[in-house]
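Report on the structure given below.
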């Protein structure tokens, strides 16, 4: 048997696991033309309401997981630990803020107005004075938030409804009509509300996805398994709180949850196009034949493609999955006639896990200049 | 291309990840003759001193990771969050206790007396009245603990010493002589104190290993990588708090940290012997030859064996690793003469990662009845 | 910062990865009363037909993955590499056999009769003379196999059929009637043939699952992800080739593929019952209340339970997954009346991934003696 | 309990594991200015000598693992399988070549001259006629290779030597003097030859690292654990066989094995510099204070940094590990005076796992423009 490599770095190695845990992995989703893609979780709790961690933990978790923006939104009305922790509105923000500055994260002052359904729970972001929301009457509270310029979102709209299917009550019409429902969670933790997605599309409400995490995040999401916490991708003009606010009010979001991206075509399409890359698309294919196209997905999101109408003279698989950070090979047969006619080859697909609406996959084209001839 | 298995269990699968996180994995280390092997972490913190989680989190973490016994040992003298959480001695135990009952865990009422070095920090277990330890004078506090019948251990003895090498001060002699140093941490978190181990062996002090965890456990240990938190194996006559106390006072412990087990030979040897199993040791080897012995390690601890003196007439590898929950094959050459002389084959090894003292591996014998002839 | 544990085992560690790869993991599925549960893959190829590995590789792969029995079944009629490797029937068995003896595996002399559909491909196991199957006429070949006492199975019955749905041709009736179809693959690689399963149940044909592997196994199954290759569990009276043969002819098999077990109730039920264990079922529950039952699954197969009729006076979750090698907690509410009436609590479930027939889950009862009172 | 996300993509998911295995992951090591960084394994075997796989397997393995260039170098003199596979020199190349074209890999016609030590084994790359190397006399064979323009490397120079320490025999002087030793393996499989590295540096021999793989690659390297096979990074002007040949003859290589990179400073330094990136180095630090620098390592190689002389007025950790594809935070204290004097901050480190010679780490500087003020 051969002798083996001796590890030369014993001491460094012994420090490895702990230290590596304390590092940041980036979420591999690209920026899009004109915008930064900020990764945001806008709904989380601490021991200052019914969460189970100290506020600084939320910052450290977020930094490690590649987030750019968080909002701690402790309940206004619910304080199960008040026997031990006297109620102080906005205190979790104050404690977490200096830590966020060290880590370079944006933290938004927020709170959750927490009422029986209807109208349910509402996160108010960008507050100036959290305590002022502590009002007996729901409408007083929500108007106070509005007066402070808050972005207001309806949280987990299916909560406490049968089969978690949300119901649109009169209160919600009133909120919407008065500009008090700026966003809506279509994803909350492991729950997905397709009907809420339809409402967002129909009424132009900003699409949001959050964790609503109460436990240490690692107790709810298996970080080792790429069990991504749900987040909202916010498309901003710069890395500031003001830019996040502007983008939210203007509906520039996509929700990322499990392996789904949910949002408007105008954002999903550039996310897809800036994620994929053709490795070998520059060959001569004028005489037709069979080519092997290598397609690279630079993002961490898989893309499940289903071919729609295969153009005449072309033959290729009906189902292709572009695995995250992988290159896959797609055989492509081009007839001689088709080759003669072409100015570039366009393969239409639907991406089943990029949703523009309930059950509606994004339509894309993969455009090939050429290919390695078999 | 063939059609594929359709998943028939969509709904169940969608619940999988979250639910699986909320399950318990057992620590695969066997009981030994006469005793249960209880898995214990006897040093941890919550927001009631300088920890970062609510007390119930410590119970849930412990249950998931296969522990049987925990002690939350919030500091008596250190309360950085008291502006928000007024000091209540023993409160973390009170909050955690009902949860421990649901999960079937033993939780021990404890506290950490926290002084400058010397004498340093001391965990007091099995207290009746935590608040009574809040004394200006160290000796008053520690005597109070003793009066309550506490098991007292010196925590992280190298803390704040140069290169973390512990120093035995006069205070420690005094504590030891008065029966106030019943245990000592030879492992605290990622720190190992070999000198403390020597002291424990020399002075018959109970050997202890703990996490001293402040963060959510998953921020310090990568549970997915089998990055085991350090624990103390306590050998008890039954699964009760009293039995744990009796075992601790009588020194029946082994520390499990990384891939090391540290303790007395009388406990390490049965742990080893009850972990391994020979798969095929019943063949006829009377005529000598080359055999392939399959050795199974049923435990989750790897065993790094170094052969010491190879008995005459036998030839086998000098280094063998028995991987956790794996079977390895060991070639064994037996000369004809050796085969004639034998009443069973005994292969002596040192297990380098089972330590009876600083740098001292456990001596074991692998006893083979026979083997599959090649 | 504290000093850290120095790794004391540099040399041993440097050998670790290679050596660990060369170890055996056991498949954690229990024996059942009266029988050993042997893990068998009875369909695989080498360079002696159209496989891509040397025959000894099949033995090493099988040993590492915990198999007990293999059959290399190179094609009689198909030899794409014959320009480089002259045809020698049975040669792959001869080469692999000595290696199997070293590793303690049972290897069965076999071949695959390979014809267009109908009748398709048939594995013949326990042959004496492989070359004698090289006959121009299919029926001559299959009768020769029968004359040698072979166990004959229809491979991948949906192969080359539309949507891979198998068709039962006249040839198959003839084979079946003449006792020439002793087994049938309901699983071949990643393909599942539910209709074949129905036929096996209806006609009492032995249910089989195999890989049909051509590549190195690690190119088709991601061993690191617990991406189990499909195997046949054969219930034998001892660990011999004769016992395997007897069990196959008598239909004592269960197929294990992905997270499914497929077979007769008489084998699935004891597999389930010997896999699970109630951790705390001995409490007094005579006064009713809410209990937390901890259920342990000692096997590597998850069990997806759906509760059928909840007995009156009992309340517990409708869906429970018993994760592999994990303990899960099931809350159980018992009414006072129910408690009075009971002699033990029986909870009926269907296990959705243990199939006795197409779409038919196994019915089981979880029997509880008592429980930890909340 | 909330309802859960239903997987919408059952069919696609059922195809996932197999298909994902059949995809290519890129090796994340950057190009350097002026050169492409091609990933090459130049020493591997098939069933045409003593390897255990069909030649096409070597291509598929290499494509999946992100290699760009391979050489199958079956032995000229050793054919243990010739009873079954008649000797055909160069046949493995012929079989593998069309597959390499489909996958877009460069495959080099090669062979291994295989003699007792001295002189040992020599890989000859870029051959025109492999059979012509089948000569009784070693020197005839090696001169024939030279006449064909081959790049000749000494394989595993410590092979069959005591403790695997290589010996430089007269034959090696003769080979070197005649231009017949163009490269040398400093890494072969899991073996590292530090003395060979010294010779390469001293005599300007091209540094090479290869697997010398005989088994399916997944049996020797645990691909799931990032257990990278050893490769040679070749710095070429384009992606052609000629460019690889030119680069090898001109010594433009770095060996990548485990977490080590071994080569000349002129290649290691740009590899390091193009791998790291400072996330936040643009702040004003003119008044001094404590800053938190976030350093990103875009490569898949960890960098173990040890600080050498800390410049006056600066304070930062002595040991930093830049984990692969992670961001780590480095606290940096700058005194007011130091801040005034500076035109940019340069932090000198040695990278312990980037070796320019035996035991000699690469010296680097991390240059900081600014930092986020704490």
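Cβ-to-Cβ counts within 10 Å put C:253, D:206 in ascending order as D:206, C:253, the fewest first.
Can you work out D for region D:184-310 in µm² s⁻¹ from Stokes-Einstein, where Rh is the Kirkwood radius over C-alpha pairs, the temperature is 37 °C and the viscosity is 0.692 mPa s?
Here the translational diffusion coefficient equals 191 µm²/s.
Report Rg(Cα)/(2.2 N^0.38 Å) for region B:13-152, keeping two decimals.
Values: Rg = 16.8 Å, N = 140, 2.2 N^0.38 = 14.4 Å.
Taking N as the residue count of region B:13-152, the ratio is 1.17.
Normalised by the number of residues in region C:29-126, the mean separation of alpha-carbon contacts (under 8 Å, six or more apart) gives a relative contact order of 27 percent. Rounded to the nearest 0.05, the FRET efficiency derived from the C-beta distance between residue C:277 and residue D:265 at R0 = 51 Å is 0.25. The alpha carbons of region D:255-332 give a radius of gyration and a Dmax of 14.0, 44 Å, in that order.
By definition, a body whose alpha carbon gyration tensor gives a ≥ b ≥ c is oblate when a/c is 1.5 or more and a/b is not larger than b/c, and region A:216-272 fits this oblate description. Relative to its residue count, region D:80-123 spans a Cα convex hull of 89 Å³ per residue. The angle separating the long axis of helix B:138-147 from the principal Cα axis of greatest extent in chain B is about 70 degrees. Of B:352, B:174, B:264, which is the most mobile in a GNM of chain B whose springs link Cα atoms less than 10 angstrom apart? Residue with maximal mean-square fluctuation among B:352, B:174, B:264: B:174. Between copies, residue D:82 shows label-point distances of 2.5, 8.7, 9.1 nm, shortest first, with the point placed 7 angstrom from Cα along Cα to C-beta. Note that region B:35-111 carries a Kirkwood radius of 12.5 Å, evaluated over its alpha carbons pair by pair.
Extension gain for residue D:31 to residue D:116 (0.36 nm times residue separation, less C-alpha to C-alpha distance): 26.7 nm. Overall, the ratio between the Cα radius of gyration of chain D and 2.2 N^0.38 Å, rounded to two decimals, is 1.15. Annotation for residue A:357 and residue D:227: the two label points, set 7 Å from Cα along the Cα-Cβ direction, are 5.2 nm apart.
For region B:135-246, the equivalent ellipsoid derived from the Cα gyration tensor has semi-axes of 25, 19, 15 Å, listed largest first. Distances between copies of residue D:117, taken at a point 7 Å out from Cα along the Cα→Cβ vector and listed shortest first: 4.9, 5.6, 7.4 nm.
Sorting B:59, D:244 by the number of Cβ atoms found within 10 Å of their own Cβ, with the fewest placed first, yields B:59, D:244.
Based on the Stokes-Einstein relation at 37 °C and a viscosity of 0.692 mPa s, and on the Kirkwood radius from alpha carbon pairs, region A:289-335 is assigned a translational diffusion coefficient of 289 µm²/s. Put simply, region D:182-237 fits an ellipsoid with semi-axes of 24, 13, 9 Å; these come from the alpha carbon gyration tensor as the roots of five times its eigenvalues, largest first.
Taking the inverse of the mean reciprocal distance over all distinct Cα pairs, the Kirkwood hydrodynamic radius of region A:148-212 comes to 11.8 Å.
Secondary structure note: in chain A, about 75% of the DSSP beta bridges are antiparallel. So which residue of D has the beta-carbon closest to the axis that swings D onto A, and how many whole Å away? That would be D:325, 5, residue then distance in Å.
If the chain between residue A:169 and residue A:306 were fully stretched, how many nm would it gain, using 0.36 nm times the residue separation less the Cα-Cα distance? Kindly include the intermediate steps, with their values, before the conclusion.
Details: separation 137, 0.36 × 137 = 49.32 nm, distance 3.77 nm.
Using 0.36 nm per residue and subtracting the Cα-Cα distance, I get 45.5 nm.
Model label points for residue A:177 and residue C:139, set 7 angstrom from Cα along the Cα-to-Cβ axis, are 8.4 nm apart. Nearest 5 is fine: what % of DSSP beta bridges in region B:219-355 come out antiparallel, could you say? Among the beta bridges of region B:219-355, antiparallel pairing accounts for roughly 95 percent.
Computed from label points 7 Å out along Cα-Cβ, the spacing between residue C:162 and residue C:50 is 2.4 nm. Net length available on complete extension from residue C:238 to residue C:148 is 30.1 nm, with 0.36 nm assigned per residue and the Cα-Cα distance removed. Only helices enter this figure: runs of n ≥ 4 DSSP H residues, each worth -39500 (n - 2.57), summed and divided by the residues of chain C, yield -6500 deg cm²/dmol at 222 nm to the nearest 500.
If both residues of a DSSP beta bridge must be in the protein assembly as shown, then about 75% of such bridges are antiparallel. Label point of residue B:225 (7 Å along Cα→beta-carbon): distances to the other copies' equivalent points are 1.3, 2.0, 2.2 nm, sorted ascending. Ordered from longest to shortest, the equivalent ellipsoid semi-axes for the protein assembly as shown are 51, 40, 40 Å, each the square root of 5 times a Cα gyration tensor eigenvalue. By the count of other C-beta atoms within 10 Å, a proxy for reagent exposure, A:360, B:114 are ordered fewest to most as A:360, B:114.
Quick note: the coordinates plus some simple rules give every number you see, no bench work behind them. This structure is a prediction, so every number in the text was calculated from the model and none was measured. FYI the Cβ positions are ideal-geometry reconstructions off the backbone, even for glycines, and counts take in every protein chain you see.
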